[in-house]
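**Q** First, the structure itself, so that you have it in front of you.
The values are calculated or read from the model by the stated rules, or taken from the named source; none is laboratory data. Since the model is a prediction, treat every value here as computed from it, not as a measurement. All Cβ positions, glycine included, derive from the backbone under ideal geometry; neighbour counts span all protein chains shown.
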Amino acid sequence: MMMSILSINEIKRRLPSDFINQIYEMYSPITVDKILTGMTDDRFLTLRVNTIKYDIQSLMRYFRSANIKFERVPWYKDALIIKNAREKDIQKLDIYEKGFVYFQSLSSMVPPLVLSPKKGEKILDMTAAPGSKTTQIATIMNNEGFILANEWDKIRYERLKYNCKVQGASIVEVVNRRGEKLGNDYEGEFDKVLLDAPCSGEGRFVASKMATYKNWSMKQVLEFTKLQKKLLESAVKAVKTGGIIVYSTCTINRFENERVLDWAVNNLNVKLENIDLEIKDIIQGDNNQLDITINKAIKILPSKTMEGFFVSKFKKI
């Protein structure tokens with residue numbers, strides 16, 4: 001895959017000026033350069049094997065026989081970075097048709113690993129479409145237990161249903177509800193809840209693709225924080241006492257991440273838990289101007305293999 005190289009100054013000219021100003025307020029100049037370099041161009045294609053139907057050794061043999069070059073992911077044995085093929089190339093293969101693999105960004109694979117669901121548990125995926133994390137959770141659980149996967153948008157809900165079916169994730173029940181109301185409807189019913197919240201998507205910015213950032217604004221960022229707090233409050237209601245909530249976003253600003261955590265710890269019955277994953281290009285959450293220590297949360301910086309992401313883990317107390 002060819003990568004075009006934009007200079008840091010060219011990236012700054014292309015991305016929204018309010019966004020650039022904001023990241024300079026939040027991060028050191030060296031970290032800002034790293035973030036902007038990671039937003040230069042398209043990332044490598046990444047995928048994971050669907051262990052309900054297939055296994056990583058068979059997949060690697062298959063790719064070698066098809067001359068598809070790949071790299072293993074040190075922190076997730078079921079994930080691969082594809083070096084010389086695109087989505088459309090792999091979509092032509094029978095392993096794709098059969099649901100043996102799932103295209104998913106590496107960063108997106110982190111929240112289910114942090115959630116660490118177990119066989120037989122009852123899991124809620126609050127904003128689940130298109131089903132990347134839902135089907136990954138089902139594989140981690142060996143398709144034993146129960147997952148309620150919710151999506152409010154009707155079209156995305158249909159896509160979620162389709163993906164769960166193709167992947168053979170038979171423990172998933174898909175519903176079309178408002179996530180903010182699920183806590184009242186299922187109070188204290190779940191062992192664990194994943195809230196991969198709707199967000200401003202800064203971690204997915206690609207400077208060469210205006211479509212990835214043209215709708216971004218500070219107004220939009222602040223609107224998302226209101227929804228994120230409502231969803232997090234609902235998630236805490238839905239989980240049992242002692243249960244786990246993973247809150248994640250594919251954005252890198254403080255408003256939708258650290259400040260939402262700060263609000264949650266001060267207003268909901270939760271405490272932050274440590275995240276034990278060895279991943280390159282992560283930094284700890286930022287405590288600047290906040291009441292609590294956020295360094296238990298992690299931020300993944302954008303790179304050629306990873307989207308920018310924020311992941312945190314709560315326990316209900």
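**Q** For A211, indicate whether it is assigned by TED's automatic domain parsing to the domain that holds I298 and surrounded by 16 or more Cβ atoms within 10 Å (Cβ to Cβ).
**A** No: the conditions fail for A211.
**Q** For the range 1-26, give me each residue that is in a loop (DSSP other than H, G, I, E, B) and modelled with pLDDT of 95 or more.
**A** L15, P16, listed by residue number.
**Q** Those residues that are closer than 27 Å to W263 by Cα and either in a helix (DSSP H, G or I) or without any contact (Cβ under 8 Å) to a residue 40 or more places away in the chain (or both), I need them from the range 205-226; list them, please.
**A** Across the range 205-226, the qualifying residues are N215, M218, K219, Q220, V221, L222, E223, F224, T225, K226.
**Q** If only one of D125, D78 is farther than 30 Å from K237 by Cβ and in contact with a strand residue (DSSP E or B) (Cβ under 9 Å, 6 or more places away or on another chain), which one is it?
**A** Answer to the selection: D78.
**Q** Additional query: Which pairs do you get when a residue that is free of Cβ contacts under 8 Å to residues at least 12 places away in the same chain, found in the range 297-317, comes within reach of a residue that is among the β-branched types (V, I, T) and crowded, with 24+ Cβ neighbours inside 10 Å, reach meaning Cβ atoms under 8 angstrom, with the pair 6+ apart or on two chains?
**A** none
Here is a yes/no grid of residues against (1) part of a loop (DSSP other than H, G, I, E, B); (2) in the same structural domain as N21 (by TED's automatic domain parsing); (3) in contact with a Leu (Cβ under 6 Å, 6 or more places away or on another chain):
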| position | (1), (2), (3) |
| --- | --- |
| T31 | no, yes, no |
| T37 | no, yes, no |
| I68 | yes, no, no |
| I90 | no, no, no |
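**Q** Name the single residue that is nearest to Y54 (Cα to Cα) among those in the range 85-102 being in contact (Cβ under 8 Å) with a residue 24 or more places away in the chain and basic (K, R).
**A** Among those residues, the one meeting the criterion is K98.
**Q** Could you list all residues from the range 1-49 that are within 24 Å of the chain's Cα centre (by Cα) and among the small types (G, A, S)?
**A** Within the range 1-49, just G38 meets the criteria.
**Q** I've got another one for you. For a quick check of your reading of the model, give me the residue pairs whose first member lies in the range 18-38 and is in contact (Cβ under 8 Å) with a residue 12 or more places away in the chain, whose second is surrounded by 12 or more Cβ atoms within 10 Å (Cβ to Cβ) and among the small types (G, A, S), with beta-carbon atoms closer than 6 Å and at least 6 apart or on different chains.
**A** Taking only residues 6 or more apart or on different chains, the pairs are G38/S303.
**Q** If you go through the range 50-67 one residue at a time, do you hit one that is exposed (fewer than 15 other Cβ atoms within 10 Å of the Cβ) and under 18 Å from the mean Cα position of the chain (by Cα)?
**A** No; the residues of the range 50-67 include none that is exposed (fewer than 15 other Cβ atoms within 10 Å of the Cβ) and under 18 Å from the mean Cα position of the chain (by Cα).
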